[in-house]
Amino acid sequence: MKFIDGFRCLTDGFSLLRTSGAGMWILLPAMVSLLIVGSGVGFVINQSDVVEVWLGDLLPDWLDFLGAVVVVLLNIIAVVLGLWLFGFVAMVLSSPLHGTLSARFDVKLGKAGSHVNLSIGRMLGSAIRRELRKLRYQLPRMLGVAVLSFVPLINVIAPVAGVLMTAWLMAIQFVDLPGENRDQRFQDTLDLLREHRAAALGFGVGIALLLSIPIVNFLVIPVAIAGGTLLWHRLHEARANS
């Protein structure tokens with residue numbers, strides 16, 4: 001499959017979402033993410049008053065302006081890190097909802113084989129283990145891209161590398177759901193996407209673009225789940241026909 005085929009899975013996922021009849025299962029992942037990320041980042045920003053008071057006591061009067069600059073910079077850093085950290089927490093806690101929604105899309109597509117009839121506790125435990133496995137895969141690659149940005153000459157490609165890496169990781173995140181529902185190994189998802197890397201990147205780039213838009217980034221999760229489920233099935237069909 002080609003790059004455009006992967007991107008089309010995201011647009012087709014929107015159509016699948018509208019006709020799925022999944023009801024509240026569509027809104028719940030977005031609502032959970034919005035609640036957790038919004039509350040977490042809000043808490044971090046509120047702590048800036050504590051930091052400002054601490055800096056005011058630490059710095060002499062003639063350096064008060066420096067304290068204000070530092071507080072602004074710390075707020076920016078805190079928001080960026082908070083979005084990532086609380087976004088990851090939201091992704092983990094809402095993962096059982098992601099798997100259930102993916103299974104509903106399976107039913108709509110006429111595909112059998114999803115196993116999501118576990119208790120909430122077992123589903124959450126399984127989701128956390130899966131997310132931690134993904135994190136072990138993701139962190140070294142994200143750190144590698146970050147290091148590139150500090151290497152002279154090579155750092156000119158860091159933005160492109162960052163976009164491609166984000167797209168790849170987003171594809172893994174959402175295409176893995178049908179495999180997880182079928183008790184397949186995470187490695188199986190990686191092998192499948194590596195066979196069709198261009199399609200995976202096309203799908204991931206579409207998600208990355210939507211995630212960069214405020215507010216929309218929370219609502220894109222159900223669309224990404226639908227698109228990831230579609231892409232998983234289409235990649236398996238392409239593998240079977242090759």
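The values are calculated or read from the model by the stated rules, or taken from the named source; none is laboratory data. Everything numeric here is computed off the predicted structure, so don't read it as measured data. In this analysis, Cβ positions are derived from the backbone assuming ideal geometry, glycine residues included, and neighbour counts consider all displayed protein chains.
Of note:
- Any chance Ala161 is touching a Leu at 6+ places or on another chain (Cβ under 8 Å), part of a helix (DSSP H, G or I) and over 20 Å from Glu131 (Cβ atoms): yes
- Residue match in the stretch 207-216 (condition: small (Gly, Ala, Ser) and at pLDDT 90 or above): no
- In the stretch 154-166, the residues that are over 17 Å from Phe203 (Cβ atoms) and β-branched (Val, Ile, Thr) reach residues that are modelled with pLDDT under 85 and buried (at least 16 other Cβ atoms within 10 Å of the Cβ) with C-beta atoms within less than 9 angstrom, at least six apart or across chains, in these pairs: Ile154/Leu148; Ile157/Leu148.
Table: residues versus (1) within 20 Å of Ile4 (Cα to Cα); (2) surrounded by fewer than 18 Cβ atoms within 10 Å (Cβ to Cβ); (3) in contact with a Lys or Arg (Cβ under 9 Å, 6 or more places away or on another chain).
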| site | (1), (2), (3) |
| --- | --- |
| Arg129 | no, yes, no |
| Asn155 | no, yes, no |
| Val175 | yes, no, no |
| Asn181 | no, no, no |
| Gly228 | yes, no, no |
| Asn241 | yes, yes, no |
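- Any hit, the stretch 201-211, residues being crowded, with 17+ Cβ neighbours inside 10 Å and of a type in the set (Val, Ile, Thr): yes
- Residue pairs meeting the criteria (Cβ under 8 Å; at least 6 apart or on separate chains; first of a type in the set (Phe, Trp, Tyr), in the stretch 125-145; second surrounded by 11 or more Cβ atoms within 10 Å (Cβ to Cβ) and part of a helix (DSSP H, G or I)): Tyr137/Ile172; Tyr137/Phe186; Tyr137/Leu190
- Test for Gln187: is it free of Cβ contacts under 8 Å to residues at least 40 places away in the same chain and assigned to a helix (DSSP H, G or I): yes
- Conditions (1) closer than 18 Å to Leu177 by Cα; (2) crowded, with 16+ Cβ neighbours inside 10 Å; (3) modelled with pLDDT under 80; (4) not acidic (Asp, Glu); number of the one not met by Leu118: (2)
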